[in-house]
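The values are calculated or read from the model by the stated rules, or taken from the named source; none is laboratory data. This is a predicted model, so every value here is computed, not measured. In this analysis, Cβ positions are derived from the backbone assuming ideal geometry, glycine residues included, and neighbour counts consider all displayed protein chains. Please note that ligands, DNA and RNA were not included when accessible areas were found on the heavy atoms of the full protein model with its side chains. Shrake-Rupley method; radii C 1.70, N 1.55, O 1.52, S 1.80 Å.
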Amino acid sequence: MRDQLTRRGWVATLAGSATAMAQAPPAQEAASDHPEALLKQARDQLQKNFEALRRVRIPGPTEPAFVFRA
Amino acid sequence: MDAGVFFLTIGELNAKLKAKEFSCVELTKAFSDRLEKLGPRLNALALPLREDALRQARKVDEDLKRERYRGPLQGIPFGAKDLLAYAGHPTTWGAKPYAGQVFDKNAGVISRLLKVGAVLTGKLSMVELAGGGGYRYAAASMTGPGLNPWDRGCWSGGSSSGSGSAVAAGLVTFALGSETSGSIITPSAYCGVTGLRPTYGLVSRAGAMALSWTMDKIGPMCRSAEDCGLVLQAISGKDNDDPASAGKSYYYFPQYARKMTDLRVGYAPADFEHWADESCRPALREALRVLKEIGLQWKEVALPDMPYGPATSTIISAEGSAAFEEMIESGKVDDLADKKQIAGLKAGLDIPAREYFRAMRVRSLVQAMFREMFVEVDLLLTPARMNVASKVNDPLDGGRRPAEGKSGKGLRDLIPAGNLAGLPALSLPCGFADGLPAGIALVTRAFNENTILAVGREFQNRTDWHRRMPKL
């Protein structure tokens with residue numbers, strides 16, 4: 001059995017984790033990955049979610065869930 | 001130490017400790033060696049805790065020597081998702097902005113496990129902030145993408161990525177994960193381990209990162225349904241430090257489970273024959289066959305057409321962005337690894353109250369729907385995921401979906417729907433597709449964990465998928 005992993009050893013292990021480096025997402029940034037474009041996409045998705053929720057007919061007396069299990 | 005030891009269940013390992021086949025210190029050293037050697041290769045290890053673990057192991061050995069037995073978890077090595085506080089050590093939540101964060105108190109669940117003699121050998125990696133803003137790549141984590149022990153070119157699932165791969169690879173005997181919507185079930189299914197999402201409020205969230213105050217649950221990821229029951233018994237119960245605590249305890253009593261022939265199962269054939277990826281269908285069919293042999297009563301059901309996903313997303317976005325408001329407003333959010341997540345968290349700050357409350361009113365309807373459904377059936381069965389793990393570099397938001405056609409929706413939205421209703425779920429490995437694990441999931445009414453665990457146990461008595469070991 002091996003000795004305790006030292007802090008230096010741990011850092012070296014992490015740094016040497018070639019897999020982590022190799023598996024990072026593609027470095028080349030597509031136009032759709034631009035922060036402003038992504039923010040717009042996120043807001044558009046929220047709007048789509050709101051619209052889907054608005055299509056539900058909610059009976060008047062329905063209160064928001066205050067107990068978070070059925 | 002024989003390699004098989006790393007894949008024993010809690011009961012088997014505890015019996016060997018009691019029989020003094022090895023000491024807890026020897027066991028802890030062996031597991032720590034394996035975790036520190038293989039954990040980084042899978043990007044599963046956030047923080048090794050060898051010294052603390054050995055201190056705890058020495059106490060366990062002392063107790064065992066004096067025949068002070070503290071239950072089946074005594075001496076068992078485990079890991080905890082890095083969103084659970086462990087006093088005096090970094091708790092990063094998988095995210096660079098919190099890399100230096102240290103708490104002075106343990107999470108409630110960790111304290112409970114240490115009290116019964118379990119040995120915490122490491123903190124396990126996770127998707128940053130449990131993916132609350134939505135994320136596009138598996139690499140959305142400070143420790144890199146979670147890699148699947150069955151194929152390191154594939155993802156381990158999220159957000160409890162390290163918990164899934166560490167259990168599957170035999171780096172710990174069990175792990176704690178958390179689920180807001182899918183974060184225990186998904187990595188359990190992708191890594192081929194047995195994962196339990198408990199009823200909302202059954203397990204304390206004190207000392208856990210808050211993503212969604214109304215949806216977060218902490219649960220075990222293990223080798224078997226029986227192990228999930230044993231861990232749940234130790235971590236459940238009232239906690240005054242968690243305002244959502246239901247104040248209920250849970251006892252794992254498989255001997256008092258209802259007869260299998262009395263249980264009514266709801267399922268949708270379309271889930272297995274239409275929605276599931278073609279490659280998964282043989283394994284899923286075989287799981288159905290085994291379950292039918294058990295003698296359960298079967299009934300075809302489907303979820304009514306409701307916006308489960310949009311309701312879940314709206315609630316998580318609103319609550320998550322509020323929980324991380326300070327980080328978002330300070331600009332530190334830009335240090336996160338995944339750009340989609342950054343955008344999602346920023347956008348979530350602007351959700352109007354009326355949209356949030358509409359989602360919460362829809363949530364009330366979903367809960368009422370489940371109450372009606374569970375008059376007709378005792379549990380629901382679906383594929384845990386409709387696919388196996390994706391390639392690690394593939395975007396996660398571009399999945400193929402078959403056309404709806406005549407098959408109907410079945411239960412395919414059971415992950416968001418079940419989470420909206422705070423219902424317990426159990427993921428069980430049921431075979432392989434393209435060399436990767438496939439799984440089924442069982443869902444039942446609140447606080448009825450023993451029913452799904454009993455069915456899971458019976459399924460695992462008749463199969464050995466949960467005993468398979470990946471080659472590492």
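Annotations
- In region B:7-17 there is no residue that is open to solvent by 10 Å² or more (accessible area, probe 1.4 Å), over 24 Å from the mean Cα position of the chain (by Cα) and touching a residue at least 40 places away in the same chain (Cβ under 8 Å).
- Yes/no for B:E12 being part of a helix (DSSP H, G or I), under 26 Å from B:N148 (Cβ atoms) and at the interface with another protein chain (Cβ under 10 Å from one of its Cβ atoms): no
Matching residues to (1) open to solvent by less than 40 Å² (accessible area, probe 1.4 Å); (2) at pLDDT 95 or above; (3) under 16 Å from the mean Cα position of the chain (by Cα); (4) within 14 Å of chain A (Cβ to nearest Cβ):
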{"position": "B:L411", "(1), (2), (3), (4)": "yes, yes, no, no"}
{"position": "B:S427", "(1), (2), (3), (4)": "yes, yes, yes, no"}
{"position": "B:E458", "(1), (2), (3), (4)": "no, yes, no, no"}
{"position": "B:W465", "(1), (2), (3), (4)": "no, yes, no, no"}
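- Among the criteria (1) within 14 Å of chain A (Cβ to nearest Cβ); (2) touching a helix residue (DSSP H, G or I) at 6+ places or on another chain (Cβ under 6 Å); (3) crowded, with 24+ Cβ neighbours inside 10 Å, the one B:A210 does not fulfil is (3).
- Scope region B:328-363; condition crowded, with 19+ Cβ neighbours inside 10 Å, more than 9 Å from chain A (Cβ to nearest Cβ) and in a helix (DSSP H, G or I); matching residues: B:I328, B:V333, B:Q341
- Considering (1) part of a helix (DSSP H, G or I); (2) surrounded by fewer than 24 Cβ atoms within 10 Å (Cβ to Cβ); (3) in contact (Cβ under 8 Å) with a residue 60 or more places away in the chain, the lone condition that B:A311 does not fulfil carries the number (2).
- Count - residues of region B:111-133 that are in a loop (DSSP other than H, G, I, E, B) and crowded, with 24+ Cβ neighbours inside 10 Å: 7
- Residue pairs whose Cβ atoms lie under 6 Å apart, separated by 6 or more positions or on different chains, with the first residue in region B:367-379 and facing chain A (nearest Cβ under 8 Å) and the second at pLDDT 95 or above, are B:Q367/B:A421; B:F370/B:A421; B:F374/B:R445.
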